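Colleague: Would you mind keeping the following structure in view while I ask a few things?
Computed from the coordinates by the stated procedures, all read-outs in this text should not be read as laboratory data. Keep in mind that what you see is a predicted model, and the values were worked out from it rather than measured. Cβ: placed from backbone, ideal geometry, glycine included. Neighbour counts: every protein chain shown.
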Amino acid sequence: MSTFWSSLLWFLAGGGVGALICYYFSKKSFEKQLRENPPVTEKMVRAMFMQMGRKPSEAQIRQVMRTMGQDPSAPGKK
């Protein structure tokens, strides 16, 4: 019965180490993606409106940011 507990302990230890390694590399990959492809900003929305030949109002910019869920001043956000 001693070998069973020893094997179980090694299995759990290996799983824990694997989970930590997976977490580390996943986090690094996610941060790299955010660095290379930042979220849409108000400046980008303004440029998009200008390319379409429209002069956007602040209300339109806020509405676009709110629909994308990135407006920190939107109701319900903390």
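Colleague: Do we find a residue being farther than 27 Å from residue 64 by Cβ and among the charged types (D, E, K, R) anywhere in the stretch 34-47?
Modeller: Taking the stretch 34-47 and keeping what is farther than 27 Å from residue 64 by Cβ, we get none.
So far as the stretch 34-47 goes, no, none of its residues is farther than 27 Å from residue 64 by Cβ and among the charged types (D, E, K, R).
Colleague: Out of the residues in the stretch 43-57 that are of a type in the set (D, E, K, R) and not in a loop (DSSP other than H, G, I, E, B), state the one that is surrounded by the most Cβ atoms within 10 Å (Cβ to Cβ).
Modeller: The qualifying residue surrounded by the most Cβ atoms within 10 Å (Cβ to Cβ) is 46.
Colleague: Also, quick follow-up: Looking only at the stretch 29-40, count how many residues are surrounded by 10 or more Cβ atoms within 10 Å (Cβ to Cβ) and more than 12 Å from the chain's Cα centre (by Cα).
Modeller: 1
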